[in-house]
1. Applying the selection to region 286-302, what residues are touching a residue at least 12 places away in the same chain (Cβ under 8 Å), farther than 12 Å from residue 126 by Cα and not small (Gly, Ala, Ser)?
2. Just checking, does region 193-201 include any residue being closer than 30 Å to residue 274 by Cβ, crowded, with 17+ Cβ neighbours inside 10 Å and at pLDDT 85 or above?
3. Inside region 25-40, can you point out the residues that are in a helix (DSSP H, G or I), touching a residue at least 24 places away in the same chain (Cβ under 8 Å) and not aliphatic (A, V, I, L, M)?
4. Kindly provide the set of residues from region 41-76 that are buried (at least 17 other Cβ atoms within 10 Å of the Cβ) and not in a helix (DSSP H, G or I), ordered by number.
5. Among (1) surrounded by fewer than 16 Cβ atoms within 10 Å (Cβ to Cβ); (2) in the same structural domain as residue 271 (by TED's automatic domain parsing); (3) under 23 Å from residue 299 (Cβ atoms), there is one condition residue 79 misses while meeting the rest; what is its number?
6. Kindly evaluate residue 229 against the criterion of being of a type in the set (A, V, I, L, M) and more than 24 Å from the chain's Cα centre (by Cα).
7. Conditions: (1) surrounded by fewer than 12 Cβ atoms within 10 Å (Cβ to Cβ); (2) modelled with pLDDT of 75 or more. Residue 129 meets all but one. Number of the miss?
Amino acid sequence: MEAAALTGPPAWLERIVLLTIPPAAREAVAGDLWETYRSPRQYAGEALRTVPFVISSQMRRNLNLPALMLQGALIFLCLGGPAAIALLPALMLRDAYQATARPSPRRAFRDSILLATGVTILLLQISVRFPPGVRSGLDSFAWLSLFLQALLLSPFLCLFRAGLIMQGDRKALVAASDLPLEELARHYRDFTHDVHRRNLLQAVMLALAAVCAFIFAWNVMLAGLFMLVAFFLLLDTAPLPVGCDFVSLRGRYQQALAHQQQLRCFLCWLWFAPALMFLHARLIESSLTAGRPVAAMLGSIAAVILCFLVMALNREHGGRVQEQIGALDRMRERMTPAAG
């Protein structure tokens, strides 16, 4: 038994267990399971008892209720109630497994290439299996042009991901090295000023969008949501540090970063919601009603690409915020020498 404890679990079993543990708790939980290891059967049983509680804990901790409600409403509008009920737990599970750092460039480009390749193969299958009269009313030349544009989708998505990576690299993180209290307070003040300025700009833009939606009677419910969120952004202010010690200020900074990450994720989906609703109402639903399934499929492809762009934005920014929160967690106060 002691020899088994020293050698640890089989590599294949440990790899499976590590994949089931959310990244934020993976190191701590894997270490505890290793310390209590006695045999592969005991290790697997302990993992089966522990991992579900860890997943549920991470689901509660990473729950972004406004974004989840908005995503659920969009799924309900586009796919119906049963799909929304089935996919909402999957979205919560995805949030539990969110990465604690920015996605690597190799993985980001790989995801972009896989999506573009899948779209191109799907269009190729449609062009082979469906006659020209069924293919959305497009003639052969127009369909060939669409297929050639699909071939350019991979470079476009890769350039988009490269732009996000380069934009993130230009923004400097607060260093994980030790800082005096005054320096950390200065960083926090700069952060709160940026938040106030960004919230004011977003509130004005949302209010203008809501007014335009009311004037053109496009979607009253969405316009009301825009106005409500604009009002919330005007009230959402981070308090300035007054009389805080280093640990309290660091914790407040981390909470403010996590809050702004969730708010930005919700706003990103909110800004793209009109485009998704337009695609559903004007292209997907109308094409299905008119008996043009291929046109509806093309609209669905456009919606998938749009959702991929939104998720790429949120993943890049969310990973960067998680890196900053981790850097603050490792930061310790550096005492400044007394004057004189």
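The values are calculated or read from the model by the stated rules, or taken from the named source; none is laboratory data. Keep in mind it's a predicted model, so treat the numbers as computed, not measured. Cβ placement follows ideal geometry from the backbone for every residue including glycine, while neighbour counts extend to all protein chains displayed.
1. 292, 301
2. Taking every residue of region 193-201 in turn, at least one turns out to be closer than 30 Å to residue 274 by Cβ, crowded, with 17+ Cβ neighbours inside 10 Å and at pLDDT 85 or above.
3. 34, 40
4. Answer for region 41-76, where residues must be buried (at least 17 other Cβ atoms within 10 Å of the Cβ) and not in a helix (DSSP H, G or I): 62, 64.
5. (2)
6. Working: of a type in the set (A, V, I, L, M): yes; more than 24 Å from the chain's Cα centre (by Cα): no.
Considered against the rule, which asks whether it is of a type in the set (A, V, I, L, M) and more than 24 Å from the chain's Cα centre (by Cα), residue 229 comes out as no.
7. Only one criterion in (1) surrounded by fewer than 12 Cβ atoms within 10 Å (Cβ to Cβ); (2) modelled with pLDDT of 75 or more is unmet by residue 129, namely (2).
Conditions (1) within 20 Å of residue 67 (Cβ to Cβ); (2) buried (at least 19 other Cβ atoms within 10 Å of the Cβ); (3) outside the structural domain of residue 112 (by TED's automatic domain parsing), marked per residue:
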| residue | (1), (2), (3) |
| --- | --- |
| 217 | no, no, no |
| 220 | no, no, no |
| 229 | yes, yes, no |
| 247 | no, no, no |
| 265 | yes, yes, no |
| 277 | yes, no, no |
| 284 | no, yes, no |
| 288 | no, no, no |
